[in-house]
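J.: Pasting in a structure now, in structure tokens, and then I'll have a few things to ask.
The values are calculated or read from the model by the stated rules, or taken from the named source; none is laboratory data. Note that this is a predicted model, so its numbers are computed, not measured. Glycine also receives a Cβ, built like all others from the backbone with ideal geometry; neighbour counts cover every protein chain displayed. Accessible surface areas use protein heavy atoms only, side chains included; no ligands, DNA or RNA. Shrake-Rupley method; radii C 1.70, N 1.55, O 1.52, S 1.80 Å.
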Amino acid sequence: MYCEVYIENSFLGNKTLTYDVGGFSVARGMRVSVSLRNREIIGFVASVHNNKPEDFEAMPILSVLDDTPILNEELWLCADWLAYRTVSPIIRCLQTILPNKLKPQTSSKKAKKERIIVRTDLTLHHPTAHQERFLDHFKQGDSMTVKEAVKLYSGFRTLIDKGLFDLEDREVVYSEQMIESVKASYQLTDKQAEVIKKVSMTHAHTYLLHGVTGSGKTEVYLQLAESVIKENKQVLILVPEISLTPQMIERVSTRFGQDVAIYHSGLNDQEKYEQYQRVRNHEVNILVGTRSAVFMPFKELGLIVMDEEHDTSYKQENTPYYHTRDVAIWRSEYHNCPLLLGSASPSLETYARSLKGVYTLLELNERINHQFPKVSIIDTRKALLSRQSAYLTDELLEAIHARLERKEQIVLLLNRRGYMTLIKNSEDEVLQCPNCDLSLSYHKTDRSLRCHVCGYQTGLKNNMKLVGSGVGTQRLEENVQALFPNARIARMDADTTSKKNAHQRILKSFIDHECDILIGTQMIAKGLDIPNVTLVGIINADTALAHSDYRAVETTFAMLLQAAGRSGRGGLTGEVMLQTANPDHYAIQCALHQQYKKFVSYEMQYRKIAEYPPYSYLISIVFNGDTEEETFAASLEFMKILNGASYQLIGPVMLRKLVRKYRSRIIIKGKDLDGMIQLCHQAIDLFKKTNRTGVNVDVNPLTLES
Ligand code: ADP
Ligand code: ZN
């Protein structure tokens, strides 16, 4: 017997290699170890057959990694489709679809144990403040893993010695919190009921649920999910970034208890595998997860929900450059179930499609509590004229002060991180990353200079000088702290959140009101829904508007709209302050007045003039090589292959060098996406026959950054 094996090798493309099965038992969908040019590598079995190769001697496979196929038939089809649709090697799609390092050891079902502490009925007299806070987490009989306990109170072992806790071992449980209470659902409003009535649960169709924050979209998802579960089918709820949307998880979990699995990049491989198995064995009915959850092995899907469908984290930014929405549509068709896209600011593509009737548009126009935060604009040009800081204007400072006095909380949003001051050498040249064409950023905590793309890091030297006055999150924190010495401030940006669960820890301490002000990059605009937050200050609402990318205005608008919808959801009324030097810009004005449709009509005019999506489709083809000459020559050769195509070709242009690679890009623009994809496949196949320069294809790129 022989088998066809997919192997990761950029020159093979989608071709398989033939190996001799020998005495092993293999089937399609199992991983095998094989030898290629004297190296042992892992491949996927695509098929098993007995056609002896004629012109060569097939090598034997070395070992088989799985007892049973790890990919089901649906996901094979999905991988095939994905490879075609994203113009990428199928092996890369298979790797994307499977959870990280799905290893045979983990499938042997050895139950992992963990140590826990269990609260006894003893009481502690004269506890310290720390101990008291820690004990507040428990009722009698409650338990917690030792790992968690250490994080909350490193001295908890003294409480074991005092007999307040017992130490036990238990089997690793899936979710960190065991949620028992199951909350009843709300009586739907008429509008919500109308929306639900319009969703047909019996066939594949895509719906766009457009509704402002707080209009009851989540409740619609939950009630639809309830009806699906009653039929014993599964529900997939996709969210942008789990650590940033704790409220969604909490709401799904309190509604459905143990029937929920959570899947996101913060889980380790064992945890991911456990969730994968729970879904595959239909042990849970609901999965809440981020981008990669769209590939989970559901048996019988009855509903897919994609919340915040406009969010850019749904797009994978390396090969295969897929968009979660496209995969969700594919799977909804396979399972013959509805897909519900939800957003307060749908992407223009989605909205345009819903206006054309490709998707069905459902709307929830009003907030459940009919309350909107007060939104005001602060013109930073005027502030500068009266010698105020453009970053912390007097008006904003006063508002912060008032909130602190009333013990309310504040969120400050800034769209940059680090210090962002330029660093020059003694020759007055701006210091750049040696691997990328980007200037280095200064990080004050460790006096380091860093590249935000490749991670290059070096120390500040005496002959260097800092110039410029840009403000980053770190500097903003310092300034705010200096002005409000008693305020407790937390910062959330890519620097403070690089460690596992750092997001959750920072957010939790803010939710628990252990700090008064949360400062962060746009990552905090998502999912923040904290009742005690009564002021959201957007430090620089317009930095992204100046961005050259065609989508920059749309993303800025979505961010502002979302941030403006975040405050004042508790009993307290909220206020949002937008600081900007472009108060009249339509993105700012429309966000200010929560006018999504008006924004769309403006933005569509620009897109139409430039023939950008949704008026066209783009495919970006990026070449990367070790020298500028090689890279540019490769793109010229590709242009020759494309020559005569009936689509607009843009480029080639050299882009920034990134991570030691020179890059150049060609863009194909046209209205017939299928034809463009087909052309791309043909061109890549031809190109790869003679050229070994790396090439990445991005169909429907979200950004066209230089
Ligand atoms: P969205 O997802 O659009 O932001 P939510 O579903 O979170 O909106 O609803 C906003 C708030 O209104 C939530 O606190 C939710 O619990 C509440 N809510 C939603 N639907 C109802 C309803 N039918 N009756 C009462 N309260 C509701
Ligand atoms: Zn770099």
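J.: How do the peptides 665-675, 45-55 rank, highest first, by the average count of neighbouring beta carbon atoms within 10 Å per residue?
T.: Values: 665-675: 17.0, 45-55: 12.0.
Ranking the peptides 665-675, 45-55 by packing returns 665-675, 45-55.
J.: Further question: Of all DSSP beta bridges located in the stretch 190-364, what percent are antiparallel, nearest 5? Please list the in-between numbers first.
T.: Working: 1 of 28 bridges.
Rounded to the nearest five, the antiparallel share is 5 percent.
J.: What would the Debye formula give as log10 I(q)/I(0) at q = 0.18, 0.19, 0.22, 0.24 Å⁻¹ for the alpha-carbon point model of the stretch 664-706, no solvent?
T.: With no solvent term, the Cα-only Debye profile gives -0.60, -0.67, -0.86, -0.99.
J.: Quick one: putting +1 on the C-beta of Lys and Arg, -1 on the C-beta of Asp and Glu, what dipole do you get for the chain around its Cα centre, in Debye to the nearest 20?
T.: Values: 85 positive and 84 negative charges, 118 e Å.
Roughly 560 debye for the chain.
J.: When only DSSP loop residues count, what trypsin sites (Lys or Arg not before Pro) in the stretch 5-62 have their Cβ near at most 14 other Cβ atoms within 10 Å?
T.: Sites meeting the loop and neighbour criteria: 15, 37.
J.: Could you give the Stokes-Einstein D for the stretch 190-364 in µm² per second, using the C-alpha Kirkwood radius, 10 °C, 1.306 mPa s? All intermediate terms of the calculation are to be shown ahead of the outcome.
T.: Values: Rh = 16.0 Å.
Value of D from the Cα-based Kirkwood radius: 99 µm²/s.
J.: With point charges of +1 on the Cβ of Lys and Arg and -1 on the Cβ of Asp and Glu, referenced to the Cα centre of the chain, which listed residue (220, 513, 318) lies farthest in the positive direction of the dipole?
T.: 513
J.: Let me ask something additional. Put +1 on the Cβ of each Lys and Arg and -1 on the Cβ of each Asp and Glu in the stretch 352-463; which of 361, 378, 442 then has its Cα farthest toward the positive end of the dipole?
T.: 361
J.: So, one more: After finding the eigenvalues of the alpha carbon gyration tensor for the stretch 113-171, what semi-axes result from the square roots of 5 times each, listed largest first in whole Å? Show your work: numbers first, answer last.
T.: Working: eigenvalues 63, 31, 18 Å².
Its equivalent ellipsoid spans semi-axes of 18, 12, 9 Å.
J.: Quick one: grab Rg to one decimal and Dmax as a whole number for the stretch 202-272, Cα atoms only, in Å.
T.: 13.5, 38
J.: Could you quote the convex hull projected area for the chain, Cα atoms only and averaged over all directions, in nm²?
T.: Numbers: hull surface 144.3 nm².
Dividing the Cα hull surface by four gives the mean projection, 36.1 nm².
J.: Then there's this: Of the heavy-atom accessible surface of the stretch 617-699 (probe 1.4 angstrom), what whole percent is carbon and sulfur?
T.: Working: 1980 of 4090 Å².
Here carbon and sulfur together make up 48 percent of the probe-accessible area.
J.: Exceeding 23 Å between C-alpha atoms, which entries from my cross-link table qualify? They are 52/688; 147/444; 197/356; 139/272. Could you put the intermediate results ahead of the total?
T.: Values: 52/688 28 Å; 147/444 32 Å; 197/356 21 Å; 139/272 30 Å.
Those over the limit are 52/688; 147/444; 139/272.
J.: In angstroms, what radius of gyration and Dmax does the stretch 2-102 have, counting Cα atoms only?
T.: In Å, with Rg to one decimal and Dmax whole: 13.0, 37.
J.: Please report, largest first and rounded to whole Å, the three semi-axes of the ellipsoid equivalent to the stretch 325-432, where each semi-axis is the square root of five times an eigenvalue of the C-alpha gyration tensor. Walk me through the numbers on the way to the answer.
T.: Working: eigenvalues 359, 144, 41 Å².
Equivalent ellipsoid of the stretch 325-432: 42, 27, 14 Å, largest first.
J.: For the stretch 578-674, just run the numbers: alpha carbon Rg, then divide by 2.2 N^0.38 Å, N being how many residues it has.
T.: Numbers: Rg = 18.6 Å, N = 97, 2.2 N^0.38 = 12.5 Å.
This ratio for the stretch 578-674 stands at 1.48.
J.: Using a 10 angstrom Cβ neighbour count of at most 12 plus a DSSP loop assignment to flag exposed chymotrypsin sites (Phe, Trp or Tyr not before Pro), which longest range of the chain is free of such sites? Don't skip to the answer; put the middle values down first.
T.: Working: sites that count: 11, 56, 186.
That gives 187-706 as the longest site-free run.
J.: Send over a whole-number figure in Å² for the accessible area per residue of the chain, probe 1.4 Å. Walk me through the intermediate numbers first.
T.: Working: 32930 Å² over 706 residues.
Roughly 47 Å² per residue, with all protein chains present.
J.: Continuing with this model, one more query. Could you size up the charge dipole of the stretch 617-699 around its Cα centre, putting +1 on the beta carbon of Lys and Arg and -1 on that of Asp and Glu, and report it in debye to the nearest 20? Don't skip to the end; give the middle numbers.
T.: Working: 12 positive and 9 negative charges, 44 e Å.
Magnitude of the dipole: close to 220 debye.
J.: Please give the contour-minus-distance gain from residue 447 to residue 36: 0.36 nm per residue of separation, less the Cα-Cα distance, rounded to one decimal in nm.
T.: On the way: separation 411, 0.36 × 411 = 147.96 nm, distance 4.65 nm.
The residue 447-residue 36 span can extend by a further 143.3 nm.
J.: Is the shape of the stretch 617-699 rounded, prolate or oblate, going by the alpha carbon gyration tensor and its root eigenvalues a ≥ b ≥ c, with a/c under 1.5 for rounded and a/b larger than b/c for prolate? Don't jump to the answer; show the numbers that get you there.
T.: Working: a/c = 2.02, a/b = 1.58, b/c = 1.27.
Prolate.
J.: Compare the Cα positions of 591, 680, 210 along the charge dipole of the chain (+1 at Cβ of Lys, Arg; -1 at Cβ of Asp, Glu; about the Cα centre) and return the one farthest towards the positive end.
T.: Among 591, 680, 210, the one farthest towards the positive end of the dipole of the chain is 591.
J.: Now a separate question. How large is log10 of I(q)/I(0) for the stretch 313-378 at q = 0.18 Å⁻¹ when the intensity is taken from the Debye formula with one equal scatterer per alpha-carbon?
T.: So the normalised log intensities work out to -0.88.
J.: Could you give the dipole magnitude of the stretch 291-396 about its Cα centre, charging the beta-carbon of Lys and Arg +1 and that of Asp and Glu -1, in debye to the nearest 20? If you can, show how the numbers build up before the last one.
T.: Details: 12 positive and 14 negative charges, 36 e Å.
Charge dipole, the stretch 291-396, about its Cα centre: 180 debye, nearest 20.
J.: Right, next: Students often get this wrong: which residues of the stretch 660-693 have the backbone nitrogen under 15 Å from the point 7 angstrom along Cα-to-C-beta of residue 643?
T.: 687
J.: Quick check: pseudo-label points 7 Å beyond the Cα along Cα→Cβ at residue 197 and residue 132, how many nm apart are they?
T.: Calculated label separation equals 5.5 nm.
J.: Could you please state, rounded to a whole Å, how far the C-alpha centre of the stretch 139-172 is from the C-alpha centre of the stretch 624-656?
T.: The stretch 139-172 and the stretch 624-656 have Cα centres separated by 61 Å.
J.: In addition: Looking only at the chain, where both bridge partners belong to it, what percent of the DSSP beta bridges are antiparallel (to the nearest 5)? Write out the running numbers ahead of the final one.
T.: Numbers: 60 of 112 bridges.
Counting DSSP beta bridges with both partners in the chain, the antiparallel share is about 55 percent.
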